[in-house]
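The values are calculated or read from the model by the stated rules, or taken from the named source; none is laboratory data. Please read all numbers here as calculations on a predicted model, not as lab measurements. We place every Cβ from the backbone using ideal geometry, glycine too, and count neighbours over all the protein chains shown.
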Amino acid sequence: MRDLQKEILGFWFEQTKPNQWFQVNEDFDELVRKQFEGAYDLGRQGILDGWWETPEGCLAYIILFDQFPRNMFRGTAKAFATDAKALACAEHALKKHFDKGLPVIQRRFVYLPFEHSEDMADQNKAVDLFKSIKDDDPLGYDYAIKHKEVIEKFGRFPGRNKALGRENTKEEEFFLADPNNLF
């Protein structure tokens with residue numbers, strides 16, 4: 001299973017570029033799906049829970065359950081179905097101080113499950129975590145603030161409403177009409 005961890009981390013941090021991570025690109029989404037949907041299915045069965053034992057294992061687990069679903073299942077409820085698994089692993093990684101031994105570019109992904117949560121306490125934690133690496137990742141900190149502001153205003157991410165079968169409020173419809181509001 002360590003080979004699968006290496007495959008995930010090698011793909012994400014060596015074979016792809018940061019500008020691919022957060023953009024909508026159907027070809028990239030399909031590439032992630034082809035390469036990692038099988039691993040995702042294994043992990044949903046609990047087979048990969050042993051990955052929590054190491055910093056690199058936690059990082060691979062978080063990417064598999066937080067980032068990859070957003071690519072593999074974009075626009076569907078399944079894109080967010082394993083957010084709780086990723087968040088639980090991220091919380092464990094922080095308790096074990098695993099994040100401290102990772103390069104900043106990788107720490108960012110340990111912190112993202114907090115930013116992706118619709119819970120205000122998690123949003124506050126995300127801001128604090130990204131503030132701790134702000135000097136090396138100012139954009140990450142800015143995005144943490146933006147995510148928190150959306151949760152403060154709406155209590156949820158309106159950009160997920162359609163996928164999750166939630167009705168938009170009039171205020172959310174106005175918010176979503178602006179193409180700069182991505183979440």
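Look through segment 6-17, keep the residues that are closer than 22 Å to residue 143 by Cα and surrounded by 12 or more Cβ atoms within 10 Å (Cβ to Cβ), and return whichever of them is modelled with the lowest pLDDT.
Applying the filter and picking the extreme gives 16.
If I ask for residues that are modelled with pLDDT of 95 or more, among the hydrophobic types (A, V, I, L, M, F, W, C) and part of a helix (DSSP H, G or I), which ones from segment 122-143 would you list?
126, 127, 129, 130
Out of segment 128-140, which residues are farther than 15 Å from residue 22 by Cα and surrounded by 20 or more Cβ atoms within 10 Å (Cβ to Cβ)?
129, 130
Report, ordered by the first and then the second residue, all pairs with beta carbons closer than 7 Å, sequence separation of six or more or different chains, a first member in segment 152-172 that is within 18 Å of residue 116 (Cα to Cα), and a second member that is surrounded by 13 or more Cβ atoms within 10 Å (Cβ to Cβ) and of a type in the set (D, E, K, R).
Close Cβ pairs (under 7 Å, with a partner that is surrounded by 13 or more Cβ atoms within 10 Å (Cβ to Cβ) and of a type in the set (D, E, K, R)) amount to 154/172; 156/118; 157/118; 158/172; 161/172.
If I ask for residues that are over 18 Å from residue 74 (Cβ atoms) and not in a helix (DSSP H, G or I), which ones from segment 157-175 would you list?
Within segment 157-175, 167, 168, 169 qualify.
Select, from 112, 102, the only residue that is modelled with pLDDT of 95 or more and closer than 30 Å to residue 171 by Cα.
Matching residue, one of 112, 102: 112.
Could you check segment 101-130 and list, in sequence order, the residues that are within 23 Å of residue 60 (Cα to Cα) and free of Cβ contacts under 8 Å to residues at least 12 places away in the same chain?
103, 125, 128
What helices (runs of 4 or more DSSP H) lie completely within segment 1-95 and have 3 or more residues being under 15 Å from the mean Cα position of the chain (by Cα)?
The qualifying helices (runs of 4 or more DSSP H) are 18-21, 26-44, 55-62, 68-72, 83-95.
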